[in-house]
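The values are calculated or read from the model by the stated rules, or taken from the named source; none is laboratory data. All values derive from a computational prediction rather than experimental measurement. Cβ placement follows ideal geometry from the backbone for every residue including glycine, while neighbour counts extend to all protein chains displayed. Surface accessibility is based on the protein's heavy atoms, side chains included, excluding ligands, DNA and RNA. Shrake-Rupley method; radii C 1.70, N 1.55, O 1.52, S 1.80 Å.
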Amino acid sequence: MTVALIGAGPGTADLLTLKAARLLAEAEVVVVDRLIDESVLALINPAAEVIDVGKKPGGSSSQELINELLVTLGRRGARVVRLKGGDPFVFGRGYEEALALEAAGLSWEVVPGVSSALAAPAAAGIPVTHRAIARGVLIVTGTGTNEDHLDFARLAASGITLVVLMGVARRAALVAQLLEGGLAAETPVAAISNAWTAEMKVTHGRLDDLGSMEILAPAVLVIGAVAALGTSAVLDSAALNR
Ligand SMILES: C[S@@+](CC[C@H](N)C(=O)[O-])C[C@H]1O[C@@H](n2cnc3c(N)ncnc32)[C@H](O)[C@@H]1O
């Protein structure tokens, strides 16, 4: 039996792929992360065993334990689904889980999901690329691990959009590095919290405000000229539920 690593999308079940919905309905065991919307969980086969491995700050199932769990379940021959927020291969550690399954001789497949990296800006009406003002987009983590490898001076000069995931806690440090790299203090920024849920909140500002802006996690930060764009109609989260 193939273990399916499924992307749950960024919020409510409307943004789930049809394949993901079908596999959830057929699953016998589902291993879920935190931040998965109730409307997605409601699509799981009612007879399935649901195992919550949600990683909460401070206390969590380690990635190694999750890998071992998936291998154990896969060996039982059950229909196993691993349900992850957004897309499993965008800051989702989905590939590590795939490798663990591969090493155990088990078959796996990935079902892509709509990543918050693109869907959160879209929810605010922000296009991450724009023919005139942003010829590309770079998706990065705001956690310390990869930051040291980013060339902020070149980024600042490139004029492409920067989309930052997991960046709320360390945003002040990120701003300092971008300013030091030469990005203008007035560069537009936008923060989209809880995109595609009823709690969605969009905040616009400029780069030198970002450190002090009130932003609830989870949020996607957009830095660059496109962050000044957006449509007021979609800022009303109620519009998402119409
Ligand atoms: C561990 S990463 C997982 C990303 C996920 N695999 C994806 O493709 O969206 C978690 C980060 O995704 C972003 N995120 C996930 N869901 C979000 C949402 N509904 N609204 C805003 N940001 C979200 C936040 O930056 C959060 O810190």
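List the number of the failed condition for residue 95; all other conditions in (1) open to solvent by 40 Å² or more (accessible area, probe 1.4 Å); (2) closer than 24 Å to residue 220 by Cβ; (3) part of a loop (DSSP other than H, G, I, E, B) hold.
All conditions pass for residue 95, except number (3).
Collect the residues in the stretch 1-40 that are under 17 Å from the mean Cα position of the chain (by Cα) and among the hydrophobic types (A, V, I, L, M, F, W, C), keeping them in residue-number order.
Correct list: 5, 6, 8, 13, 15, 16, 20, 32, 35, 36, 40.
With a cut-off of at least 1 residues that are in the same structural domain as residue 212 (by TED's automatic domain parsing), open to solvent by 50 Å² or more (accessible area, probe 1.4 Å) and hydroxyl-bearing (Ser, Thr, Tyr), name the helices (runs of 4 or more DSSP H) lying wholly within the stretch 99-172. Walk me through it before giving the result.
Values: elements: 116-123, 144-147, 152-158.
Fully inside the stretch 99-172 and qualifying: 144-147, 152-158.
From (1) in contact (Cβ under 8 Å) with a residue 24 or more places away in the chain; (2) closer than 30 Å to residue 202 by Cα; (3) out of contact with any strand residue (DSSP E or B) (no Cβ under 8 Å at 6 or more places or on another chain), pick out the condition that doesn't hold for residue 92.
Going through the list (1) in contact (Cβ under 8 Å) with a residue 24 or more places away in the chain; (2) closer than 30 Å to residue 202 by Cα; (3) out of contact with any strand residue (DSSP E or B) (no Cβ under 8 Å at 6 or more places or on another chain), residue 92 breaks only (3).
Whether any residue in the stretch 60-76 is assigned to a strand (DSSP E or B), more than 13 Å from the ligand (Cβ to nearest atom), farther than 23 Å from residue 117 by Cα and not assigned by TED's automatic domain parsing to the domain that holds residue 196 is what I want to check. Spell out how you get there, then give the answer.
Of the stretch 60-76, the ones assigned to a strand (DSSP E or B) are none.
Scanning the stretch 60-76, I find no residue that is assigned to a strand (DSSP E or B), more than 13 Å from the ligand (Cβ to nearest atom), farther than 23 Å from residue 117 by Cα and not assigned by TED's automatic domain parsing to the domain that holds residue 196, so the answer is no.
If only one of 137, 189 is without any contact (Cβ under 8 Å) to a residue 40 or more places away in the chain, under 30 Å from residue 37 (Cβ atoms) and touching a helix residue (DSSP H, G or I) at 6+ places or on another chain (Cβ under 7 Å), which one is it?
Only one candidate qualifies: 189.
I'm checking my understanding of the structure. Among residues of the stretch 155-186 that are of a type in the set (Val, Ile, Thr) and touching a helix residue (DSSP H, G or I) at 6+ places or on another chain (Cβ under 9 Å), which one is farthest from residue 116 (Cα to Cα)?
By that ranking, first place goes to 175.
Residue by residue through the stretch 77-92, note down the ones that are away from the ligand (no atom under 16 Å from the Cβ) and open to solvent by 50 Å² or more (accessible area, probe 1.4 Å). Steps first, please.
Here is the first cut: in the stretch 77-92, the ones away from the ligand (no atom under 16 Å from the Cβ) are 77-80.
Correct list: 79 only.
Residue by residue through the stretch 140-155, note down the ones that are more than 10 Å from the ligand (Cβ to nearest atom) and of a type outside the set (Phe, Trp, Tyr). First the steps, then the outcome.
Here is the first cut: in the stretch 140-155, the residues more than 10 Å from the ligand (Cβ to nearest atom) are 140, 144-155.
Selection gives 140, 144, 145, 146, 147, 148, 149, 150, 151, 153, 154, 155.
Of all residues in the stretch 178-213, which are assigned to a loop (DSSP other than H, G, I, E, B) and of a type in the set (Gly, Ala, Ser)? Break it down stepwise before answering.
The first filter runs over the stretch 178-213 and keeps only residues assigned to a loop (DSSP other than H, G, I, E, B), leaving 181-187, 194-200, 210-213.
If the condition is that a residue be assigned to a loop (DSSP other than H, G, I, E, B) and of a type in the set (Gly, Ala, Ser), then 181, 182, 184, 185, 195, 198, 211, 212 are the ones that fit.
Table: residues versus (1) open to solvent by 20 Å² or more (accessible area, probe 1.4 Å); (2) acidic (Asp, Glu).
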site	(1), (2)
6	no, no
16	yes, no
30	no, no
47	yes, no
52	yes, yes
64	yes, yes
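Here's the yes/no breakdown for (1) closer than 18 Å to residue 215 by Cα; (2) near the ligand (Cβ under 9 Å from one of its atoms); (3) touching a Lys or Arg at 6+ places or on another chain (Cβ under 7 Å):
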residue: 110; (1), (2), (3): no, no, no
residue: 138; (1), (2), (3): no, no, no
residue: 157; (1), (2), (3): no, no, no
residue: 173; (1), (2), (3): yes, no, no
residue: 176; (1), (2), (3): yes, no, no
residue: 200; (1), (2), (3): yes, yes, no
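Can you tell me which residue within the stretch 179-196, out of those that are open to solvent by less than 60 Å² (accessible area, probe 1.4 Å) and over 21 Å from residue 127 (Cβ atoms), is nearest to the ligand (Cβ to nearest atom)? Please lay out each step first, then the result.
Restricting attention to the stretch 179-196, the residues satisfying the condition of being open to solvent by less than 60 Å² (accessible area, probe 1.4 Å) are 181-185, 187-195.
Those left that are additionally over 21 Å from residue 127 (Cβ atoms): 181-182, 185.
Values: 181: 21, 182: 25, 185: 23 Å.
Result: 181.
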